[in-house]
Amino acid sequence: MQDFRNLKVWERAHALTLEVYKASNAFLRDEISGMTIAVGSASELEYHLVLAHDLELIKASDYQRISEAVVEVKRMLASLMQKLRAYGRKLTASAR
C-alpha cells in the first residue's frame, strides 16, 4: 500500500486546503480551538496512563516514559497556541 501523500486526490485536496487557509485568516481562531481540543485529549491520555499505572496494567518504566512524552507534547501545544494567539493579535492590529 502506498503512502497517502502520493495519491493525486490527497495532493489536490491538500493544495485546496492550503489555498483556503491562505485566503482566510479566520481559520486561525479555529486552529486555536483545535489546539485546545488537542490539549484536552493529551490530558485525557495522561489520566488514562495514571489509571493504567495504578491498576498495574502497564510497567512503571513504560508509564514514566509515556507520561514524559505526553507532558512534552502538552508543552509544545501550549507554546503553539501562544504563538497562534500572538499572530492573530498581530493580524488584527495590522488590519485596523
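A short reminder: the numbers here are calculations on the coordinates, not readings from a lab. Everything quoted here is computed from the prediction, not taken from an experiment.
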Candidates for Rg/Rh (Cα atoms, Kirkwood Rh) are (1) 1.44; (2) 0.94; (3) 1.14, and the calculated one carries label (3)
Ranked by GNM mean-square fluctuation in the chain (Cα springs under 10 Å), the top entry among GLU72, GLU19, GLU31 is GLU19
Proximal lysine pairs in region 22-95, meaning Cα under 23 Å and 8 or more positions apart or interchain, come to 4
